[in-house]
1. List every residue pair whose Cβ atoms lie under 6 Å apart, where the two residues are 6 or more positions apart in sequence or sit on different chains, the first residue falls within segment 38-61 and is touching a residue at least 12 places away in the same chain (Cβ under 8 Å), and the second residue, located anywhere, is open to solvent by 70 Å² or more (accessible area, probe 1.4 Å) and among the polar types (S, T, N, Q).
2. Can you name every residue in segment 33-51 that is closer than 20 Å to Gly61 by Cα and open to solvent by less than 50 Å² (accessible area, probe 1.4 Å)?
Amino acid sequence: MTEPEYIRQVHQDPSLHRAWFKACAAEAKEEGCTFGRYSTHPDDEQLALVEGWTQRPNDQGEIRWQLTR
């Protein structure tokens, strides 16, 4: 498992997630990331997470939720 170099999480109205994901992707790219994973929490659709790696990992591991409801 390879830890991501970039990780951001937000709790917001789900209608805002797409724009937030796009902004995170641009920020991660500026930080050298070439591969990302975008997630919404299965129990709380307001929680969204972006993880980014500079190299695509063979094993991304579990989603790294940091905030809780």
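The values are calculated or read from the model by the stated rules, or taken from the named source; none is laboratory data. Computed from a predicted model, the values in this text were never measured in an experiment. For neighbour counting, all protein chains shown are included, and Cβ atoms are generated from backbone atoms with ideal geometry for every residue, glycine included. Keep in mind that these areas ignore ligands, DNA and RNA; they rest on the heavy atoms of the full protein, side chains included. Shrake-Rupley method; radii C 1.70, N 1.55, O 1.52, S 1.80 Å.
1. Once the first residue is touching a residue at least 12 places away in the same chain (Cβ under 8 Å) and sits in segment 38-61, its partners that are open to solvent by 70 Å² or more (accessible area, probe 1.4 Å) and among the polar types (S, T, N, Q) give Ala48/Thr40.
2. Just the residues of segment 33-51 that are closer than 20 Å to Gly61 by Cα, to begin with: 33-43, 47-51.
Of everything in segment 33-51, those that are closer than 20 Å to Gly61 by Cα and open to solvent by less than 50 Å² (accessible area, probe 1.4 Å) turn out to be Cys33, Phe35, Gly36, Arg37, Ser39, His41, Leu47, Ala48, Leu49, Val50, Glu51.
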